[in-house]
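Read-outs: derived from the displayed coordinates by stated rules, not from any lab. Computed from a prediction, not measured in an experiment: that's the story for all the values here.
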């Protein structure tokens, strides 16, 4: 009965973490470039029961459940046309934009809602520098009136004197994007599991960059609501096991009186 208490408690903890993941998905349902997550479960160690409690076969009893990992789902989100020249979306591919953090490290993002800083450089909403195909910041001329991009990701500044190529927007791909480390601010960091980034060109295997459009979160609110109800019911069921085990322990203790 004590095993049942601890086993059920592990189930309640795992379902609570699962509910936390669902809550985070629902909270980010309108976040640009957000990738939904799911909790992956695994069973724990098994205990061999004595021969007088079971047959020769099937003598192993499970001792609960645990979270094996929180996995990001990299399905493409829905497209939202914004009409803003510095909004970009990667479609039909799993590529990422590369950005430079203030400390010099490189992060990767699917959120293409960029803008300009005071020096005319292309930056994220947090002020991180967006990098070109060669890993350098992208700076536009002060006389630029508009911005355009071609199928290969080449950025062109529309100036009073004509159309001038500025840079080629950087795009990278990972062998295992699910292995990237979540860094907040819609950004990911390279890890040993993700592998090294590979430079790719728009229109290829990494996807195509579309201007004046944003990729919204790939979270479906209806699916998450169903998952929430399922998780809640599982939590309630396991909590009843805790209650039943407590009642059985109380009965066993009462036998000594």
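From the Cα trace of the range 177-257, what convex hull volume per residue do you get, rounded to a whole Å³?
186
Just to be sure I follow: if Rg is taken over the C-alpha atoms of the chain and Rh is the Kirkwood radius over the same atoms, what is Rg/Rh?
Checking Rg against Rh, the ratio lands at 1.19.
Would you work out the Kirkwood radius for the range 79-215? I mean one over the mean of 1/r across all pairs of different Cα atoms, in Å. Walk me through the numbers before you get to the answer.
Working: mean 1/r = 0.0669 Å⁻¹.
Roughly 14.9 Å, rounded to one decimal.
How tilted is helix 221-254 with respect to the longest principal axis of the chain? Cα atoms for both, answer in degrees (0 to 90, nearest 10).
Once rounded, one gets 20 degrees.
Among 196, 47, 113, which one shows the biggest mean-square fluctuation in a GNM of the chain, springs joining Cα atoms closer than 10 Å?
Of 196, 47, 113, the most mobile in the Gaussian network model is 47.
Calculate how steeply helix 2-27 sits against the longest principal axis of the alpha-carbon atoms of the chain, using the helix alpha-carbon long axis, and give the answer as 0 to 90 degrees to the nearest 10.
Around 20 degrees separate the two axes.
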